[in-house]
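Structure record follows, encoded as structure tokens.
The values are calculated or read from the model by the stated rules, or taken from the named source; none is laboratory data. The structure displayed is predicted, hence computed values, not measured ones. Note that we place each Cβ from the backbone using ideal geometry, even for glycine, and neighbour counts take in every protein chain shown.
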């Protein structure tokens, strides 16, 4: 029997049981779309994190008491025992790192900020050096000026605010020169930073920058400092980190065999931590979603077995008319592959629609563009696997149908 004839007979059989065929296809569709969607979402998150980390500046790094991400309570307790990073450390790194173009300082806390009767909660209050905005990804202003050396030297009550505060307090009014209140103290707005949006729903524009000298005057000088450093170029990026590390180790009198009691954080280290954290999740999620393909294969096998039972008499007639074992085998195998393949194609379309909808939803939540790309290799793999599942799942029912004795089959009701 020609292959085209097998396809025609298979399609005729599937059309005669539309509901059963649809339910079978649905199982494969869910499995395929799940696999493709998981790949798209993980890729989208990786790209999103990478783009946000790059915004921090590819040539910048920080020297700080504690790492950006702490993975356990024991680690947090251990980190608390470390010495604070001080302003003297900042000066030492500035003198000792000749491969660094900028060395600045930052310290932060959270407070509510008021303007008149309007209150903005949980604002990040940051005491910064005058070169803070030039380190890493340069943050321009949409109004006013940056903090300058005189502000820091004289501990002036001058602040630069984020766009969230401008929206909450001033609307269409001119913000420059107006006074906001933090802990019952007045500060004069001298600049408004450009809008950066959110990362995972957390705004990057809900902050106040003030001179670090003023911050330490009001909030105490015993807080640990974060040293912000910009290397001369990417060619000397690692060497600049080594210079900063040597300075800190010498100041803390650490022996050669002793580990650092401070952290040097870069965008690359954050990306590495993200990838190591998501690798296992990625694999586990793909495994779980792949199980749905196996379930879909079981459904295909079950349906084909039912089909063989229902069509025993038809098989007997075809064998009596001269159909060979391979003709019967081919017919049922083609039916199983068509079911699984059609489910795979619909699964691809479903995954594309799901990825697009999720991209729009997450983009709205994060107030930024989020893209979950449907990878061609994932599509090809999912369709190939679904077809293979149909082939494997149809093999036993097809073999069973092909092995039927024509006389016994003709007696079947």
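Just a few scattered comments:
- Annotation note: of 212, 180, the sole residue that is at pLDDT 95 or above, assigned by TED's automatic domain parsing to the domain that holds residue 119 and within 15 Å of residue 123 (Cβ to Cβ) is 180.
- Test: residue 53 is under 24 Å from residue 232 (Cβ atoms), surrounded by 15 or more Cβ atoms within 10 Å (Cβ to Cβ) and modelled with pLDDT of 85 or more: no
- Evaluated against (1) closer than 11 Å to residue 209 by Cβ; (2) without any contact (Cβ under 8 Å) to a residue 60 or more places away in the chain, residue 173 falls short on exactly one condition, (1).
Here's the yes/no breakdown for (1) part of a loop (DSSP other than H, G, I, E, B); (2) touching a residue at least 40 places away in the same chain (Cβ under 8 Å); (3) not assigned by TED's automatic domain parsing to the domain that holds residue 95:
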position: 223; (1), (2), (3): yes, yes, no
position: 229; (1), (2), (3): no, yes, no
position: 237; (1), (2), (3): no, yes, no
position: 241; (1), (2), (3): no, yes, no
position: 244; (1), (2), (3): no, yes, no
position: 257; (1), (2), (3): yes, no, no
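- Residue check for residue 159: under 24 Å from residue 228 (Cα atoms), over 31 Å from the mean Cα position of the chain (by Cα) and either surrounded by 14 or more Cβ atoms within 10 Å (Cβ to Cβ) or at pLDDT 95 or above (or both): yes
- Conditions (1) without any contact (Cβ under 8 Å) to a residue 24 or more places away in the chain; (2) at positive phi: number failed by residue 70: (2)
- Verdict on residue 199 being under 34 Å from the mean Cα position of the chain (by Cα), at pLDDT 95 or above and assigned by TED's automatic domain parsing to the domain that holds residue 169: no
- Residue check for residue 329: over 16 Å from residue 44 (Cβ atoms), surrounded by fewer than 21 Cβ atoms within 10 Å (Cβ to Cβ), outside the structural domain of residue 203 (by TED's automatic domain parsing) and modelled with pLDDT of 70 or more: yes
- Checked across the stretch 356-363, the condition of being closer than 17 Å to residue 295 by Cα and at pLDDT 70 or above holds for no residue.
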